[in-house]
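K.L.:
Take a look at this one; I'll ask things after.
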Amino acid sequence: MSIKSLAEDDRPREKFLLKGKAAVSDSELLAIIMGSGNREESAVELARRILNSVENNWHRLSQLSIKDLMKFKGVGEAKAISIATALEIGNRKSQQEVLERQQISSSKDIFEILQPHLSDLPTEEFWAVFLNHQNKILYKTCLFRGGIASSVADVRIIFKTALEHFSTRIVIAHNHPAGSLKPSQQDITITNKIKDAGKLLEIELLDHIIIAHNKFYSFKEEGIL
């Protein structure tokens, strides 16, 4: 069944134009991106099946590779690239929006800034956000990849970067790809080590954020820091 054979209200492009973007479902949005389905399914039906495979979660969909997407009948390389491109545009849009917020006032602010970088990764990364005394962002960067167990034990890189940018406050963050927000004992140990090192240089550690997809854990809010 093709989109053209459906009732007008069920055609995603027409629905988008007639009723507005808010009226279009997730599967209809994905169908518009793909443009067509396969011999057995309309674009909407194919989109619905793809989204169902990731529990209708856009973050999980963005984790699928081009090869993963091409496993669905009717999704060739061109369609798979179109899907991945649309998701990457959304990711970059989110980054641009949060970059406009120069001053940090809460742990949620940090989460919103770093979520686009950390929420969909298959492995751990360790990031730091460097601030001035007014909590305005001076610089943010990924310092370590592939886990934080051994590399972060040497905190000199963190404070070398802080000094280079004349930062007086920092926030650190890392992701838990498995989805758990519970900090490990090693997470706590590393946090305390960075906090103590900062006291010597008069650079305050404001918070440590753990990000797991669309959720976060704040050491500061939980009273650990």
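K.L.:
Compute from the Cα atoms of the stretch 3-95 the Rg and the Dmax, the latter being the longest Cα-Cα distance, and quote both in angstrom.
P.N.:
Cα radius of gyration and Dmax of the stretch 3-95 are 12.9, 39 Å respectively.
K.L.:
Now, a different point. In a Gaussian network model over the chain where Cα atoms closer than 10 Å are linked, find which of 51, 114, 200 has the largest mean-square fluctuation.
P.N.:
Greatest mean-square fluctuation among the candidates belongs to 200.
K.L.:
Looking at the chain only, what percent of DSSP beta bridges run antiparallel? Nearest 5 please.
P.N.:
Rounded to the nearest five, the antiparallel share is 70 percent.
K.L.:
List the pairs from 108/195; 199/220; 79/215; 19/93; 71/182; 79/108 whose alpha-carbon separation is above 28 Å, in the order I gave them. Mind showing how you got there, number by number?
P.N.:
Numbers: 108/195 20 Å; 199/220 17 Å; 79/215 30 Å; 19/93 24 Å; 71/182 34 Å; 79/108 35 Å.
Going by Cα-Cα distance, 79/215; 71/182; 79/108 fall outside the 28 Å limit.
K.L.:
Search the structure for amide H atoms under 5 Å from the amide H of residue 204, placed 1.01 Å from N in the peptide plane, and list their residues when 5 or more places away or on another chain.
P.N.:
Residues meeting the amide H criterion: 169, 170.
K.L.:
Report in % the part of the accessible area of the stretch 107-218 that belongs to carbon and sulfur, leaving out ligands and nucleic acids; probe 1.4 Å.
P.N.:
54
K.L.:
Using a probe radius of 1.4 Å on heavy atoms only, what accessible surface per residue do you get for the chain? Whole Å² is fine.
P.N.:
On a per-residue basis, the chain sits at 55 Å².
K.L.:
OK, next. Less than 16 Å apart at the alpha-carbon level, and either on another chain or at least 8 residues along: which lysines does that give for residue 15?
P.N.:
4
K.L.:
How many angstrom lie between the C-alpha centres of the stretch 112-130 and the stretch 158-184?
P.N.:
9
K.L.:
OK, next. Where the only charges are on Cβ atoms (+1 Lys, Arg; -1 Asp, Glu), what is the dipole of the chain about its Cα centre, to the nearest 20 debye?
P.N.:
Here the chain has a charge dipole of around 240 debye.
K.L.:
Grab the DSSP H runs of the chain that are 4 residues or longer, score each as -39,500 (n - 2.57), total them, divide by all residues and round the 222 nm result to the nearest 500 deg cm²/dmol.
P.N.:
Value at 222 nm, helices only: -13000 deg cm²/dmol.
K.L.:
Run the dipole for the stretch 107-218 about the Cα centre, Lys and Arg Cβ at +1, Asp and Glu Cβ at -1, nothing else charged, and hand back the magnitude in debye, nearest 20.
P.N.:
Dipole magnitude for the stretch 107-218 comes out near 100 debye.
K.L.:
Select from 36, 106, 184 the residue whose mean-square fluctuation is largest in a Gaussian network model of the chain (Cα-Cα springs shorter than 10 Å).
P.N.:
Ranking 36, 106, 184 by mean-square fluctuation puts 184 first.
K.L.:
Let me ask another. If Lys and Arg each add +1 and Asp and Glu each add -1, what is the summed charge of the other residues whose beta carbon sits under 13 Å from the beta carbon of residue 145? Intermediate values should be presented prior to the final figure.
P.N.:
Details: positive: none; negative: 124, 125.
Local charge sum for residue 145: -2.
K.L.:
Moving to a separate point now. Two-decimal Rg/Rh of the stretch 175-225 from alpha-carbon positions, Kirkwood Rh? Working shown, then result.
P.N.:
Details: Rg = 11.6 Å, Rh = 11.5 Å.
Radius of gyration over Kirkwood radius for the stretch 175-225 works out to 1.01.
K.L.:
Rounded, prolate or oblate for the stretch 50-91? Axes are the square roots of the Cα gyration tensor eigenvalues, ordered a ≥ b ≥ c, and the cut-off for rounded is a/c under 1.5.
P.N.:
Working: a/c = 2.06, a/b = 1.12, b/c = 1.84.
Judged from the Cα gyration tensor, the stretch 50-91 comes out oblate (a/c at least 1.5, b/c at or above a/b).
K.L.:
Further, regarding this structure: Taking every eigenvalue of the Cα gyration tensor of the chain, multiplying by 5 and rooting it, what semi-axes result, largest first, whole Å?
P.N.:
43, 18, 14
K.L.:
Report the residue, chosen from 207, 68, 120, that carries the largest GNM mean-square fluctuation when the chain is represented by alpha-carbon nodes joined by springs under 10 Å.
P.N.:
In the Gaussian network model the winner is 68.
K.L.:
Work out which helices of the chain, taken as complete DSSP H runs, extend at least 30 Å along their axis over the Cα atoms and score a mean Kyte-Doolittle of -0.5 or more, then list them.
P.N.:
77-99
The values are calculated or read from the model by the stated rules, or taken from the named source; none is laboratory data. Bear in mind that the values here come from a model prediction, so they are computed numbers and not experimental data. Note that we place each Cβ from the backbone using ideal geometry, even for glycine, and neighbour counts take in every protein chain shown. Ligands, DNA and RNA are stripped out before the accessible areas are found, and what is left, the full protein with its side chains, is counted by its heavy atoms. Shrake-Rupley method; radii C 1.70, N 1.55, O 1.52, S 1.80 Å.
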